[in-house]
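Structure first, then comments.
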Amino acid sequence: MTADDGPPADTYFTERPRSRSSRRELRFLYRGELLSFVVDRGVFASHGLDPGTAHLIECLEVKPRDLVLDLGTGWGALGVAAAKSAHAGRVVLTEVNRRAARLAEENLLRNGVSNAEVRVGRLFEPVGTETFDVIATNPPYRAGRELILELLAGAPGHLKPGGRLVLVGKGSQGIRFYQEWLEEHWAGPVRVLGRGSGYRVLEATLAPARAAPAPAIRRRLRRG
């Protein structure tokens, strides 16, 4: 997707967008709490909450102590919502677009979120070898299929056993192709969490590690 009012090559997956800044405020209700955000040109969904992200937020279930990775957070809508649910856990928001990352940091503060942090970088680079209970993402589909497959293939290495990858997409973005890819390559069940307005929210659960079989115990028979 091309960033609003920016040069042709200035996409939301650009590290340093060249679009002229034009900040605005928006709000949305999340589980009874009114959340407040600042958005700007040169970032994804600069005019308001993207419908795909809205579906993802609605479908995403996060436990209070979960460790959550919001991969490609944009201005932080999903990360803020996840941090509200994982109030005794921790959320890491990653973003390659530095303008978006600054907005996400500001939006954490605006909403009183103290159990989350923003890191700048491409895909999983900002988290090193860390693992999470949940990875949630609205992937940058316009960046190309190769990058999306890199994301899907890299996710298991950053999930705890039994952890979940939750992503959203629509038919024109190839979500059915990615669902089939996950069903073929993922080590665990893949299911559709929700549908609406052409979008699908997929959940791929990493199979728990199998416990090693207990060693056989040889008993000596006593001779009577």
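Which of the residues spanning the stretch 63-95 are on the phi > 0 side of the Ramachandran plot and over 9 Å from the mean Cα position of the chain (by Cα)? Answer for the stretch 63-95, where residues must be on the phi > 0 side of the Ramachandran plot and over 9 Å from the mean Cα position of the chain (by Cα): Gly74, Gly76. Restricting attention to the stretch 173-204, the residues that are assigned to a helix (DSSP H, G or I), more than 22 Å from Leu78 (Cα to Cα) and not basic (Lys, Arg) total 7. Within the span defined as the stretch 154-173, every residue fails to be crowded, with 19+ Cβ neighbours inside 10 Å and hydroxyl-bearing (Ser, Thr, Tyr). Kindly indicate whether any position in the stretch 97-115 is in a strand (DSSP E or B) and of a type outside the set (A, V, I, L, M). Taking every residue of the stretch 97-115 in turn, none turns out to be in a strand (DSSP E or B) and of a type outside the set (A, V, I, L, M).
Give the number of residues within the stretch 38-73 that are part of a loop (DSSP other than H, G, I, E, B), of a type in the set (S, T, N, Q) and within 22 Å of Pro126 (Cβ to Cβ). Counting residues in the stretch 38-73 that are part of a loop (DSSP other than H, G, I, E, B), of a type in the set (S, T, N, Q) and within 22 Å of Pro126 (Cβ to Cβ) gives 1.
Can you confirm whether Leu93 is under 27 Å from Tyr199 (Cβ atoms), part of a strand (DSSP E or B), aliphatic (A, V, I, L, M) and in contact (Cβ under 8 Å) with a residue 24 or more places away in the chain? Walk me through it before giving the result.
Values: under 27 Å from Tyr199 (Cβ atoms): yes; part of a strand (DSSP E or B): yes; aliphatic (A, V, I, L, M): yes; in contact (Cβ under 8 Å) with a residue 24 or more places away in the chain: yes.
Yes; evaluated as a whole, the condition is true for this residue.
For Pro140, the stated conditions hold: it is modelled with pLDDT under 95, within 26 Å of Val68 (Cβ to Cβ) and surrounded by 12 or more Cβ atoms within 10 Å (Cβ to Cβ).
The values are calculated or read from the model by the stated rules, or taken from the named source; none is laboratory data. Computed from a predicted model, the values in this text were never measured in an experiment. All Cβ positions, glycine included, derive from the backbone under ideal geometry; neighbour counts span all protein chains shown.
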